[in-house]
Amino acid sequence: MEEIKRDGVQQEALTIVPNKETTVLQNGGYVMHTIEDVQEIYFAYIHDTKDRDLIMKAYEFVKQKHAGIFRKSGEPYLQHLIEVAYICASLQSGPVTLCAALLHDVVEDTDTTIDDIKRLFGDDCARIVDALTKIQRLKLSKRTEEEFAAEDHRKIFLGMAKDVRVIIIKLADRLHNMRTVKALKPERQHALAKETLEVFAPIAHRLGIYKVESELEDLSLEIEKPEEFHHIVEQLNEKIANRTKALNNLKKKIADIIIEQNIKFEIESRIKSVYSIYKKMFIKGHAFDEIYDFLALRIITETELNCYEILGLIHAHFKPIPGRFKDYIAMPKPNMYQSLHTSIIAGDGNIFEVQIRTKEMDEIAETGVAAHWRYKEGSHYSPKQEQHEIEEKLHWFRDFLDINNSSRDKSASEYMESLSKDIFEANVYVFTPKGKVIDLPNGSTPLDFAYKIHTKVGDTAVGAMVNNTLVPLNTILKTGDIVEIKTSKTAPGPNENWLNIVKTSSAKGHIKRFLQKKNSDLVKEEKINRGKTILNDFFKDRGYDENQMLSLINTDKVLKNYQLSTLDDLFIAVAAHNPTPAQICDFLKIKRNDTNELKIFKKENFEDDNCPVTIDNQTGFKITLGNCCTPIPGDNIIGYVTKGNGVTVHRINCPNVANVKGRLIDVHRKTNLGIKSYPVDIVIESRDRNNLLADILNAFNTNKVKCTEINAKIHQENMTTSVYCQIYVSDANVLQHVFDILKGMKDIYEVKRVIH
Ligand code: MN
């Protein structure tokens, strides 16, 4: 390495700004390059003939396709493409990137299709051109501030780029457009300058491409704040003129010191960008004189160790300013920047900043991610692998994720994974009809969009328009789609199927909550009905119809007693057996309403013409069925003549008539009386257990046996229960059948008729 090799070049650059590459001023003060200039750069690192041929094929292609088209600045359109390729080549981009750089406007501006690109230049190149075309079509810079914030804009851009190469070409494209921006109308100049400052310069910064970043910033500042810009340039030039001699003296001194130690190095000077001075003056409020690092010396050496050695030498010979030393080698900046910074007082009393770094660190400082991205001949170049490596290295993603820092605690690799997924894969950006940007995960549907707008919009969605076409709700949205949701007040709302349609967890959550609420409403209705039925049945058995039941229980007294507020609440409580209908009856002291059914039945039984029993050749007797043994058809019966000449009918084995002699007469059942059932008192003996009564009633119910009374008597001494029932059966056969059923039930060991 030769001492002070770059000195001459840098001294020329000291007569400032804005462009360091300027040698022949033509358009807007810039050099117009030729394809040969581009070749000169990439020939240094692309040697494969096939690769070189492909780049020239792209050049010949766009030369023909864009022929006769001129830019607003008056130059042929081809010039723009050459310049973009030139910038990419100076970042040492690979052959595919250079092809895509030349082709970046050909699909948008000519009749060429993506398929043409694919056929002629390959899939990889076509994908890059496709992404660039889509970004171009969004016409982001034409949207107003209300439509979306710069942050959204950066996200959309990165979301669409999906590939570092797309970002680099887009930055190169914007850089050349900004270099020639003065050919445009003032309002267009401002729109582009604003967008450049808010969107592209921050991206260049985060990618660490200082070269591009600082030029983009300076060019934009000149448009946005011309007075301040020119004020700073004037002061800079004046200061530099005053300091050049001191600077050169310092350089010489430092060079002498390092040479003595046999350390290889280069030394150059660097001027702070106008924009960074502007920020210090107008945003942080410093006076120009307070900015003493506008001029810096940069020492580039071979190894990290050399850097620290040189630092030691400088600190030994010059007085460092306390608090100005920064070790970015040990603690790199998020955009991978590494360097040692210190400020020293030169012999003349001027303060200079000195930056010390290796050659590799210097490349990263100037071209950031592009330094890693740099095309390396013969290194089994794989775009995928390359991009993966870059993303691994890029801490700048962290900056973007400050907005949703929930993933902060995750381990670094997981973090990077979710991050690159978020930025490069996961997101689609769609627009409301008013142009607001909504970002959604990849694979999202109009329903996700609807829920992102508002829960209500989601819940009442009935259809969706995408780009003015009616589409099914499960359509997958693409970036750039304009989405409109059709809602209806009478919409049935979400259903289970929607859970399969949505992608976002927030939409899933909303739908689940909606369905849960709907289900609990259904369940509630069911409970009310069940409670009502239970009460109805219970009261019906006691001789009350539904209206009577309702008027009995629907009182403030009842509700207050059970601490309920509505009748529905009472039904729900009854459905849960708390309280039971019996408890309510007890509380209200409701007695059996005897005016109904039983009386009707008795009447049927005891009126003469309907009497089920006859006595041979006899009339005029008042016949009654014995209450003691409740005879039914099929029983052997006998009549007992009472003292008042009435006849009571008993079962023949009824103990009440067993020992009676005389006064007994034969009686016969009448048939076809149309009486379907007769009351029978029975007792069921069982071991005591839970749910016994419920099981018995259930057995009656399923066998269509009417039961009008059921009472249980628990015998604590032997843990048994006697259940007394009055049931209605048509005859002895049916009764036997009921007995068989009861005897088949768990824990029931005896069933018999009761004789009172
Ligand atoms: Mn372009």
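The values are calculated or read from the model by the stated rules, or taken from the named source; none is laboratory data. Everything numeric here is computed off the predicted structure, so don't read it as measured data. Don't worry about glycine lacking a Cβ; one is built from the backbone with ideal geometry, like all the others, and counts go over all protein chains shown. What goes into the accessible areas is simple: the full protein's heavy atoms, side chains included, and nothing from ligands, DNA or RNA. Shrake-Rupley method; radii C 1.70, N 1.55, O 1.52, S 1.80 Å.
General observations
- Here r is the Cβ-Cβ distance between residue 589 and residue 740 and R0 is 45 Å; the resulting FRET efficiency, rounded to 0.05, is 0.70.
- Too-long pairs where the Cα-Cα distance tops 28 Å, listed order kept, from 72/333; 245/284; 486/524; 170/194; 72/211: 72/333; 245/284; 486/524
- Here region 436-498 is treated as a sphere whose radius is the Kirkwood value from Cα pairs; by Stokes-Einstein at 25 °C and 0.890 mPa s it diffuses with a coefficient of 210 µm²/s.
- Pairwise Cα distances in region 263-316 exceed 19 Å in 46 percent of cases.
- Put a plus charge on the Cβ of each Lys and Arg, a minus charge on the Cβ of each Asp and Glu, and nothing anywhere else: the dipole of region 25-228 about its Cα centre is then about 380 debye.
- For the pair region 77-137 / region 697-744, the C-alpha centres are spaced 92 Å from each other.
- Zone residues, region 732-750, relative to residue 668, backbone N less than 20 Å from point 7 Å out along Cα-to-Cβ: 732
- Cα-based convex hull, region 229-367, per residue volume (Å³, whole number): 115
- Contact order, relative form, for region 229-367: 24 percent (alpha carbon pairs under 8 Å, 6 or more residues apart, mean separation divided by residue count).
- Prolate/oblate/rounded label for region 451-576 (Cα gyration tensor, a/c 1.5): prolate
- Potential extension, residue 661-residue 545 segment - 0.36 nm per residue separation minus Cα distance: 37.0 nm
- Residues whose placed amide H lies under 5 Å from that of residue 358, excluding near-sequence neighbours: 301
- Average projection, convex hull of the Cα set of region 678-753: 4.4 square nanometres.
- Under 5 Å between amide hydrogens, built in the peptide plane, is the criterion, and for residue 71 it picks out 77 among residues at least 5 positions away or on other chains.
- Here the peptides 120-128, 504-512, 164-172 are ranked by packing, the mean other Cβ count within 10 Å, and the order with the highest first is 164-172, 120-128, 504-512.
- Extension gain (nm, one decimal) between residue 653 and residue 259, 0.36 nm per residue minus Cα-Cα: 128.1 nm
- Proximal charge balance of residue 109 [Cβ under 12 Å; K/R count +1, D/E count -1]: 0
- By a 1.4 Å probe calculation restricted to protein chains, residue 292 has an accessible surface near 70 Å², given to the nearest 10.
- Highest mean first, the peptides 182-190, 100-108, 296-304, 311-319 sorted by other C-beta atoms within 10 Å per residue fall in the order 100-108, 296-304, 311-319, 182-190.
- Förster-model FRET efficiency, 60 Å R0, residue 698 and residue 123, C-beta, rounded to 0.05: 0.25
- Beta bridge orientation in region 229-367: antiparallel %, DSSP, nearest 5: 75
- Point-to-point label distance, residue 194-residue 60, nm (Cα→Cβ direction, 7 Å offset): 4.5
- Per-residue extension of 0.36 nm, minus the Cα-Cα distance of residue 636 and residue 73, leaves a gain of 190.3 nm for this segment.
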